[in-house]
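Engineer: Attaching a single structure in structure tokens format; questions to follow.
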Amino acid sequence: MPNQIKKTNDGSDSLVSKQFGELYHSHHGSFQEAKHIFINNGIAKTQQNEINIFEMGFGTGLNAILTYYYAKQKGIKVNYYTIEAYPVLLQTAKELNYNNFIKEETYSEVFAKMHSVAWNSQQEISESFKLYKIKNEIEKIKFESIIKTKIDIVYYDAFAPTAQSNLWETPVLQKMYNLLKQNGFLITYCAKGSFKRTLKTIGFKVNGLPGPIGKREITQAVKGL
Ligand SMILES: C[S@@+](CC[C@H](N)C(=O)[O-])C[C@H]1O[C@@H](n2cnc3c(N)ncnc32)[C@H](O)[C@@H]1O
């Protein structure tokens, strides 16, 4: 049974997970949320001309496609790694209305390619954007044998702690810390106190940043020296 498409307040689509009963994005707007958190406070914070990104939860692919066009415009090479346990059907992805927000001629082709390339190996979406989609549960995976490089930015986009509390606790978050380079950072919409305390215990330096519409604060967690 496919996940159901639901329109959010900025007019962009999201999905309702059949399995978890959760919306994939903020009901205040998927597009504005993704852009604020993962582009403006994610890739846009780097000065590098080549960057390694890891995303928890590929889902609709919205963060990946926004990153693709941001990087293309800025001339940044991207090695994008992502994990997804319950892939969205290609047909469902094609029905999402992100083409109303991403006015790029190549959108349909690139978005379909991101969803249809093989899992569990690195695939070329373009000369400057490589995509490695891991099909697994983040709790189970050993990243050392898969991701052979260190990550600059983790886009942490799991369902909320109320739905999947274990994804916001030490065992999984320690994996994110281990993946990151020194001075690399994790960015996420979640600003829950217990989550931020866990990040600090692991060794992250935690910063609260202004959130997108409908959310006061988001969290940046930097891997310090
Ligand atoms: C908040 S949604 C992701 C939103 C996604 N970044 C997007 O822009 O559409 C969370 C995602 O995590 C995936 N997920 C849930 N549990 C998981 C697990 N244990 N391991 C990996 N992925 C998981 C879900 O299927 C869903 O796609």
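What follows draws every value from the coordinates through simple rules; no lab data is involved. Remember, it's a predicted structure, so these values are computed and weren't measured experimentally. So basically every Cβ, Gly included, is an ideal-geometry build from the backbone, and we count neighbours across all protein chains shown.
Engineer: Counting pairs of alpha carbon atoms under 8 Å apart in space and at least six apart in sequence, what relative contact order in percent does the chain give?
Structural biologist: So the answer I get is 19 percent.
Engineer: Antiparallel as a % of all DSSP beta bridges within the chain, to the nearest 5?
Structural biologist: Taking every DSSP beta bridge within the chain, about 45 percent pair in antiparallel fashion.
Engineer: Could you work out the helix-only [θ] at 222 nm for the chain, with each DSSP H run of four or more residues adding -39,500 (n - 2.57) and the total divided by the number of residues, to the nearest 500 deg cm²/dmol?
Structural biologist: So the helix-based figure for the chain works out to -7000 deg cm²/dmol.
Engineer: Still on this model: Give the distance, in whole Å, between the Cα centre of segment 165-183 and the Cα centre of segment 79-133.
Structural biologist: 25 Å
Engineer: Run the reach check for K140 against aspartates and glutamates, Cα to Cα strictly under 17 Å, same-chain hits fewer than 8 apart removed. What comes back?
Structural biologist: Of all the aspartates and glutamates, those that pass the test against K140 - Cα under 17 Å, at least 8 places apart if same chain - are E55, E84, E169.
Engineer: Moving on. Tell me the Kirkwood radius of the chain: reciprocal of the mean inverse pair distance over distinct alpha-carbon atoms, in Å.
Structural biologist: The Cα-based Kirkwood calculation yields 17.5 Å.
Engineer: Mind checking the dipole of segment 48-203: about its Cα centre, +1 per Lys or Arg Cβ, -1 per Asp or Glu Cβ, Debye to the nearest 20?
Structural biologist: Roughly 480 debye, rounded to the nearest 20.
Engineer: Select from segment 143-225 those GluC sites (Glu not before Pro) which occupy a DSSP coil region and have at most 15 other Cβ atoms within 10 Å, ordered by residue number.
Structural biologist: Qualifying residues, ordered by number: E169.
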